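Following: one structure in structure tokens, then a few remarks.
Every number in this text was worked out from the coordinates using simple rules, so none of it is lab data. What you see is a predicted model; the values in this text were computed from it and never measured. For neighbour counting, all protein chains shown are included, and Cβ atoms are generated from backbone atoms with ideal geometry for every residue, glycine included.
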Amino acid sequence: MAKQMVTIGGRTAFVALVTIFGASCGRTAEPKHCLQFSSDLMPTFAGGLMRKDFRVANAWAVKSDQMIDSSGVKFPAYFLSADIIAPSGEAVVGTWVTTDVTKGGLMYSVSPQAVKYSNWARVGDPSTVGISMETKGAKESISCVLNGRGSSPQAGVAPAATKP
């Protein structure tokens, strides 16, 4: 009887440890719906910024239920959010919608910050009817960026000056 009690107590302790460990690991892991934007596309993405002394970092996407209709051809839509970083190191999150997160695609500004700081076309034309910051996936992509700041090596930090 005593042996059975120890075994039950040992299992309970093990389950408790696994639960605690899982919960603590879950804080740093990105939710499954967060897709990291391809680093190969970051230079092209940053090329759409109005100011060349700004940069983008920590870009994450969430697939939308909406589609982008380009001249009758329907493409999947992904909300793409990223930190827009000023030379001072101050960062704001901008949100765009794109047709692909692994290769080049169509890109439209969705959030006021994306409109203010980038040259990408704005949503609202016939291709992007019904897409806004209220569309499912837009705000979730911002959450991905905010959660990614803790694990991203240089999120929100301006690059250090290099010495000649």
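Alpha carbons only, please: Rg and Dmax for region 74-155, in angstrom.
Final numbers for Rg and Dmax: 12.8, 40 Å.
Between L146 and M42, what is the label-to-label distance in nm when each label sits 7 Å out along the Cα-to-Cβ direction?
With each label point 7 Å from Cα toward Cβ, the separation is 2.3 nm.
With each pseudo-label sitting 7 Å past Cα toward Cβ, what's the E134-K74 distance in nm, one decimal?
2.3 nm
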